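Data first, discussion second: the structure below is written as structure tokens.
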Amino acid sequence: MMERRGFLTALGAFAAIALERFDVVAAQASGASLDALVDDLVSGNRILSMESVLDGMGHISARHPGRAGRFLLARSVAPELVTRDDIMEFDFDGMPVDARGRTPYKERFIHSEIYRVRSDVNAIVHCHTPSLIPFADSNAPMRAMYHMAAFVAEGVPVFDIRAAAGMTDLLVSDAKLGRALAQALGSKHAALMRHHGAVVVATSIPNAVGRSIYLDLNARIQIQTMTLGGSGTFSYIDPAEARLRMADPSEYSRAWELWKRKLNR
């Protein structure tokens with residue numbers, strides 16, 4: 001009986017050590033994952049600026065990889081200037097966890113409210129890309145014109161802030177407006193914002209960046225196509241084609257590596 005008790009005691013001690021070691025390894029892995037995500041978030045800001053999707057305004061965020069109900073977003077700074085030290089952690093109420101004197105973006109509620117209702121979304125871009133404004137401010141629907149922007153074929157709704165809140169400064173600066181935008185977005189991959197810009201969502205930072213860049217190019221191609229005149233009709237991607245195209249979870253990986261390389265030239 002004593003031998004068995006000693007064996008069980010030793011087994012319990014071994015299990016405790018093993019569990020502690022597992023926790024340390026898991027924490028280290030989570031830390032490594034967070035470090036890589038922050039690096040990608042910094043790169044995403046700078047790439048979108050380099051590609052003229054963002055200028056001095058706009059932002060990109062990422063869902064926190066290890067903490068439920070949290071996301072990462074830079075302080076209020078021009079995207080091209082974002083560094084690791086600018087990245088802040090927020091809860092889903094849009095409140096900074098540790099501000100340390102850093103001023104957050106007024107429109108962080110775009111991100112918090114979309115993350116709250118879209119568990120499939122891990123990265124969000126908010127932009128004011130000029131090519132998108134004509135579609136946001138008219139009744140001309142966006143169409144998927146080529147394969148790199150196939151996601152457009154599933155629809156790009158328009159959010160009109162006046163319908164949600166009447167006369168405003170056009171900024172999504174509180175949770176109520178963030179919820180209204182998230183509702184307008186629904187299950188789509190992008191939504192236009194009347195007199196403002198757009199929001200683009202994806203499962204990862206590279207995909208959110210890729211979709212934002214190719215949404216801009218798609219809009220320009222569509223405008224060019226529409227100016228050709230003729231019968232007034234043109235061809236665009238079918239939703240069934242789009243779903244086959246979007247089956248690749250790393251659709252923009254090659255472009256992502258190119259864009260990151262360009263940043264370091």
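Every number in this text was worked out from the coordinates using simple rules, so none of it is lab data. Treat the numbers as computed from the prediction; the structure is a model and nothing was measured. Cβ: placed from backbone, ideal geometry, glycine included. Neighbour counts: every protein chain shown.
List, please: which pairs have Cβ atoms under 9 Å, are six or more places apart or on different chains, and start with a residue in the stretch 107-124 that is without any contact (Cβ under 8 Å) to a residue 12 or more places away in the chain and end with one that is of a type in the set (Gly, Ala, Ser) and assigned to a helix (DSSP H, G or I)?
Once the first residue is without any contact (Cβ under 8 Å) to a residue 12 or more places away in the chain and sits in the stretch 107-124, no partner that is of a type in the set (Gly, Ala, Ser) and assigned to a helix (DSSP H, G or I) comes close enough.
Mind checking whether some residue in the stretch 63-81 is touching a residue at least 60 places away in the same chain (Cβ under 8 Å) and surrounded by 16 or more Cβ atoms within 10 Å (Cβ to Cβ)? Outline the logic, then answer.
Step one: list which residues in the stretch 63-81 are touching a residue at least 60 places away in the same chain (Cβ under 8 Å), which gives 63.
Then drop every residue that is not surrounded by 16 or more Cβ atoms within 10 Å (Cβ to Cβ), which leaves 63.
Within the stretch 63-81, one or more residues are touching a residue at least 60 places away in the same chain (Cβ under 8 Å) and surrounded by 16 or more Cβ atoms within 10 Å (Cβ to Cβ).
For the stretch 76-104, name all the residues that are of a type outside the set (Asp, Glu), closer than 25 Å to Ala190 by Cβ and not in a loop (DSSP other than H, G, I, E, B). Working first, answer last.
Of the residues in the stretch 76-104, the ones of a type outside the set (Asp, Glu) are 76-79, 81-84, 87-88, 90, 92, 94-97, 99-104.
Retained after the next criterion (residues that are closer than 25 Å to Ala190 by Cβ): 76-79, 82, 87-88, 90, 92, 94, 104.
Correct list: Pro79, Ile87, Met88, Phe90, Pro104.
Starting from residues that are in contact (Cβ under 8 Å) with a residue 24 or more places away in the chain and not in a helix (DSSP H, G or I), keep the ones in the stretch 235-265 and report whichever is nearest to Ile47 (Cα to Cα).
Top of the filtered list is Tyr252.
Quick check on the stretch 47-62: of everything there that is touching a residue at least 60 places away in the same chain (Cβ under 8 Å) and surrounded by fewer than 21 Cβ atoms within 10 Å (Cβ to Cβ), which residue is farthest from Asp216 (Cα to Cα)? Walk me through it before giving the result.
Within the stretch 47-62, the first condition is being touching a residue at least 60 places away in the same chain (Cβ under 8 Å), and the residues that meet it are 47-48, 50-55, 57-62.
Subsequent filtering for residues that are surrounded by fewer than 21 Cβ atoms within 10 Å (Cβ to Cβ) retains 50-52, 55, 57.
Numbers: Met50: 13, Glu51: 10, Ser52: 9, Asp55: 13, Met57: 16 Å.
Of everything passing the filter in the stretch 47-62, Met57 is farthest from Asp216 (Cα to Cα).
Among (1) surrounded by 16 or more Cβ atoms within 10 Å (Cβ to Cβ); (2) of a type in the set (Lys, Arg); (3) farther than 19 Å from Leu54 by Cβ, which single condition is Arg100 missing?
Of the numbered conditions (1) surrounded by 16 or more Cβ atoms within 10 Å (Cβ to Cβ); (2) of a type in the set (Lys, Arg); (3) farther than 19 Å from Leu54 by Cβ, the odd one out for Arg100 is (1).
Taking the stretch 89-99, which residues are touching a helix residue (DSSP H, G or I) at 6+ places or on another chain (Cβ under 9 Å) and free of Cβ contacts under 8 Å to residues at least 60 places away in the same chain?
Going residue by residue through the stretch 89-99, those that are touching a helix residue (DSSP H, G or I) at 6+ places or on another chain (Cβ under 9 Å) are 90-96.
Phe90, Asp91, Phe92, Met95, Pro96 - these are the residues of the stretch 89-99 that are touching a helix residue (DSSP H, G or I) at 6+ places or on another chain (Cβ under 9 Å) and free of Cβ contacts under 8 Å to residues at least 60 places away in the same chain.
Each row is one residue, and each column tells you yes or no for (1) in a helix (DSSP H, G or I); (2) under 20 Å from Tyr252 (Cβ atoms).
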residue: Gly178; (1), (2): yes, no
residue: Ala182; (1), (2): yes, no
residue: Ser187; (1), (2): no, no
residue: Ala191; (1), (2): no, yes
residue: Gly210; (1), (2): yes, yes
residue: Ile213; (1), (2): yes, yes
residue: Asn218; (1), (2): yes, yes
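Out of the residues in the stretch 170-187 meeting the condition of being of a type in the set (A, V, I, L, M) and free of Cβ contacts under 8 Å to residues at least 40 places away in the same chain, tell me which one is surrounded by the fewest Cβ atoms within 10 Å (Cβ to Cβ).
Within the stretch 170-187, the subset of a type in the set (A, V, I, L, M) is 170-172, 175, 177, 180-182, 184-185.
After this cut, where a residue has to be free of Cβ contacts under 8 Å to residues at least 40 places away in the same chain as well, the list is 170, 180, 184.
Details: Leu170: 14, Ala180: 18, Ala184: 19.
Filtering first and then ranking leaves Leu170.
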